[in-house]
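A.B. asks: Let me begin by handing over the structure; questions about it come next.
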Amino acid sequence: MKILLLGDYSNVHATLAEGLRTLGHEVTLASDGDGWKAYARDVDLKRYGMNWRSTMAFLWRLWRAFRHFKGYDVVQLINPVFLPLRAERMRPFYRWLRRHNRRV
């Protein structure tokens, strides 16, 4: 089974990914590493600044990463705020996940 885990708090998704891989599933973990804790992840979604230029660079990196987030059997979001963005900016990313994957 192909599984995408988005976001990570207290290393929950990293531990879950490890267990699922042991069971033979194909798992991708995409997160910002939970801030200063810098947990391990397969796809880095860390936001490096809050100014306009950093935000544009971050959105570009997100679109590039999300192009590969399709065809998963299961997508699990750690919470409603799975990206370091305001809700109105997260909506297109959520819609992309719903449109291109089986279960979110």
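A.B. asks: Starting from the 7 Å offset along Cα-to-Cβ, what nm value, one decimal, do you get for the label separation of residue 15 and residue 57?
C.D. replies: Here the answer is 3.4 nm between the modelled labels.
A.B. asks: Per DSSP H run of at least 4 residues, take -39500 (n - 2.57); add these up for the chain, divide by its residues and hand me the 222 nm value, nearest 500 deg cm²/dmol.
C.D. replies: -12500 deg cm²/dmol
A.B. asks: Would you mind calculating the gained length between residue 1 and residue 46 on full extension (0.36 nm times residue separation, minus the Cα-Cα distance), in nm to one decimal?
C.D. replies: Stretched out fully, the residue 1 to residue 46 stretch lengthens by 13.5 nm.
A.B. asks: Quick one: net charge around residue 31, please, counting Lys, Arg +1 and Asp, Glu -1 for every other residue with C-beta under 10 Å from its C-beta.
C.D. replies: Here the charged neighbours net out to -3.
Every read-out reported here was derived from the displayed coordinates using simple, explicitly stated rules and does not represent laboratory data. Values in this document were obtained by computation on a predicted structure and should not be read as measured data. Don't worry about glycine lacking a Cβ; one is built from the backbone with ideal geometry, like all the others, and counts go over all protein chains shown.
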